[in-house]
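What follows is calculated from the coordinates using simple rules that are stated; it is not laboratory data. Quick caveat: nothing in here was measured; it's all calculated off a predicted structure. Because the Cβ atoms are built from the backbone with ideal geometry, glycine has one as well, and the counts that use them run over all protein chains shown.
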Amino acid sequence: MERMTTRPRPPAAEPHRVYPEISMSRTLARFSDDLVKIPGTNIGLGADAVVGLIPGIGDLIGTGLSSAIMVDAVRQRVPIPVLARMGWNLLVDTGLGFVPVVGDAADVLHRANRKNYRLLEQCVAEGRHVDVSAKGYVGLAAATVFGFVAVSLVLVGLLIWGIVAGIGAVVT
């Protein structure tokens, strides 16, 4: 179904090459997961960790940032299995948001956006992409991204509904 083509591989001497075609995703991943480093560690904190402390709303914002990286991956025509892996990272990130405090700490260590950026960067660096003429790629890629984002948003909606219902039960 997918017809793979390869671009010339970059020279092996360029391990830290920056790819301008995915610079937006790089910026989002850094902003989301590695904005500042915790002194004395390799652990980074980003906007995703900070807004993740706000139940529901933080997860909604995090899902939006993660989906932007996935859309960039479709633009770069990464293979469907890579998109599925990125979607799985997004679902794990969303699932961690359901667990108060411990989930937020685990989310800092999981760093879904950084993982997704690295998957995207690896495909670009290796020249792994699906030929635009491959029958059905755009539809299947869009369905893959939409499916994972929709499930994540439904989970966030359930979380918000649970919070509102819990507050309503306490008030009454």
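Students often get this wrong, so try it: which of [x] 1.14; [y] 1.57; [z] 1.42 is Cα Rg over 2.2 N^0.38 Å as calculated from the structure shown?
[x]
Charges only on Cβ, +1 for Lys and Arg, -1 for Asp and Glu: so what's the dipole of the chain about the Cα centre, in debye to the nearest 20?
Values: 16 positive and 14 negative charges, 112 e Å.
Its charge dipole is roughly 540 debye.
In whole Hz and in residue order, list the ³J(HN,Hα) couplings for segment 92-108 that follow from phi through the Karplus curve 6.51 cos²θ - 1.76 cosθ + 1.60, θ = phi - 60°; x for Gly and Pro.
Ordered by residue, 3J(HN,Hα) equals 4, 4, 5, x, 5, x, 6, 9, x, 6, 4, x, 5, 5, 5, 5, 4 Hz.
Sticking with the crude label model, points 7 Å out along Cα→Cβ, report the distance from Ile43 to Leu158 in nm, one decimal please.
So the label points at Ile43 and Leu158 sit 2.8 nm apart.
Which of the listed residues, His129, Asn116, Val101, is farthest toward the dipole's positive end in segment 50-168, when Lys, Arg count +1 and Asp, Glu count -1 at the beta-carbon?
His129
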